[in-house]
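Quick note: the coordinates plus some simple rules give every number you see, no bench work behind them. Values in this document were obtained by computation on a predicted structure and should not be read as measured data. Here the Cβ is made from the backbone with ideal geometry for all residues, glycine too, and neighbour counts use every protein chain on show.
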Amino acid sequence: MPERTLAPTIPVSREPVSLLAVDRAVAELRQGRMVVVAAARGRAALALAAEAATEATLEALGMRAQSRPVLALTGRRAKVLGFGDKPARPPRGDGDQGASFNTARGDSPARVVTLAAANFDAALVRDLADPLSGVNAKALNFAIGEPPPFGCETAAVALVKLARLLPAALVAPLADAGAADLAAWAARHGLLLVDAGDVFQYDTTSARTLARVSEARVPLPEAENTRIIAFRPHDGGLEHLALVIGAPDPEGPVLVRIHSECFTGDLLGSLRCDCGDQLRGAIREIARAGGGVLLYLAQEGRGIGLVNKLRAYELQDRGFDTIDANEQLGFDADERVYLPAARMLALLGFSRVRLMTNNPDKVRALKACAVAVEGRVPHSFPANKHNELYLQAKAQKGGHLF
């Protein structure tokens, strides 16, 4: 396969172009279009979100790439499908280790497994990605592989996760001899090109570029002295909010609650979770303490998005708990990152916090982001008949302290 070159000029700072490329690729995938993913050592592939696959797009994928596509899944989804034995990972030292990946957890990209078959049809691809389909994958004949940790397949799965789609992608290695100049080839075919390294660094880059864009006084029923400050990343992506309640002292450890948005619990008052109680209770307790900050992060469903959270609810109705439901979908039990929270605290002038949470992982994650956590403040509420199993799973499997 010929060596390929990317665009001939790169800005002094890659942050704007890096974020823009990933955002555009995410938009393309959400609309059912394919994108070009470039990885180390001239590797490139076409990628398509599995849940958006149609017979037409599947055929176009193979024809454009001039290769047979594979289905890339997270290791968790592959295990659910019955492919639990971990294949040997290819040896490192081939250029993949040059990529950079960093989240609040400081780990590598989630393990990805590929399924190859003589022929895929679109319905099968969608069924393999969706645990609600009930497909019996064990009855099918697949060649199972595990791609490099920073390769095109891993980047494609990371992209569909960023798109809040099911974490599965069709990936076809680009074997077209006319694609030596990859940027020109992508432009000629009307396809967006994204670098795998930009995908892996997206969370870090997006958090680093957060800036205050708006604020206003918003009196609340039990916290009349409240200001809401909006933070937006450089790419114009989802805003995170800070509720600054009272007059917290920047010199001392400030009382902080990190709350991930929950449309069903926060807005509708759903009884399936305790999110609404936690949100309103935190506002009340911070006001009583004389001041503090509630960070409201745009990370619905522990980072999987609202649509996937509704899918997880359906799985819970079929007997899975909240942790297992996320893993049936192919996600980690918790996909959230806390880099935005650390950046927001820094911009607000707070470096020492007392964290209001039942989740020790939040404490560890915030410390990993260089925030001094000087204490954990318990924050729990009584269960009801609709959420008692949910709370039990968080305690028994998620390590929450109630």
Based on the Cα gyration tensor of the stretch 178-297, what are the three equivalent ellipsoid semi-axes, each the root of five times an eigenvalue, rounded to whole Å and given largest first? 40, 18, 12
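Take Phe83, Phe120 and order them by how many other Cβ atoms sit within 10 Å, fewest up front. Could you put the intermediate results ahead of the total?
Details: Phe83 18, Phe120 22.
By the 10 Å Cβ count, ascending, the order reads Phe83, Phe120.
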Extent of the stretch 116-208 along each principal axis, from alpha carbon coordinates, in Å, largest to smallest? 41, 38, 24
With viscosity set to 0.692 mPa s at 37 °C, what whole-number translational diffusion coefficient in µm²/s follows for the stretch 308-402 from Stokes-Einstein and a Kirkwood radius over Cα pairs? 221
Dipole of the stretch 15-204 (Lys/Arg Cβ +1, Asp/Glu Cβ -1, origin at the Cα centre): which of Ala172, Leu71, His189 lies farthest to the positive side? Leu71
Two-decimal Rg to Rh for the stretch 15-204 - Kirkwood Rh, Cα set: 0.94
Reference-scaled alpha-carbon Rg (2.2 N^0.38 Å with N residues) for the chain: 1.03
Per residue, how much space in cubic angstrom lies within the convex hull of the C-alpha atoms of the stretch 206-262? 112
Listed here are the pairs Lys79/Lys397; Lys367/Lys394; Lys362/Lys385; which of them are more than 23 Å apart at the Cα? Lys362/Lys385
Please compute the Kirkwood hydrodynamic radius of the stretch 156-197 from all pairs of different C-alpha atoms, in Å with one decimal. 11.8
Which order results if Cys273, Cys152 are arranged by neighbouring Cβ count within 10 Å, fewest first? Cys273, Cys152
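Summarise the long-distance tail of P(r) for the stretch 241-343 by giving the % of C-alpha pairs beyond 23 Å.
34
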